[in-house]
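Worksheet: the structure to be examined is printed underneath.
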Amino acid sequence: VVSFLEGDELPQTYTRGEKMGKGAWGEVYMVTRSNGTRNACKRLSKNVSIGWDGFKAAPKRDALQNEVLAMMRLEGRYHCVQLFAVIEGVNWLTLIMELCEGGEVKRLSE
């Protein structure tokens, strides 16, 4: 079951840790929940996004919404990252997801 929250800041139940990666729309951090569980936190900018052609374009709200919907459809499937929470603020869409440890998939497939 995915929780839906509001705000641009992480809820107090999470502590932000090391930065794990960066993409065109945002960044991924490790977060630790107050119960000690570690998760991935993907923060996507709602204000600036990069068009498919590499030029700045209007925010891609539909693309962000589609990412959330796709992850929700995969809930409970084996070999798929689980989505635990969606936090929507004025500037950011934050996804709290299952942390996959062990390295990058690209490196593992080489």
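The values are calculated or read from the model by the stated rules, or taken from the named source; none is laboratory data. These numbers were taken from a predicted model, which means no experiment stands behind them. All Cβ positions, glycine included, derive from the backbone under ideal geometry; neighbour counts span all protein chains shown. Keep in mind that these areas ignore ligands, DNA and RNA; they rest on the heavy atoms of the full protein, side chains included. Shrake-Rupley method; radii C 1.70, N 1.55, O 1.52, S 1.80 Å.
A few comments on the model shown:
- Condition check for Glu18: in a strand (DSSP E or B), open to solvent by 60 Å² or more (accessible area, probe 1.4 Å) and among the acidic types (Asp, Glu): yes
- In segment 21-45, the qualifying residues are those that are hydroxyl-bearing (Ser, Thr, Tyr) and over 14 Å from the mean Cα position of the chain (by Cα), and the one that is surrounded by the fewest Cβ atoms within 10 Å (Cβ to Cβ) is Ser34.
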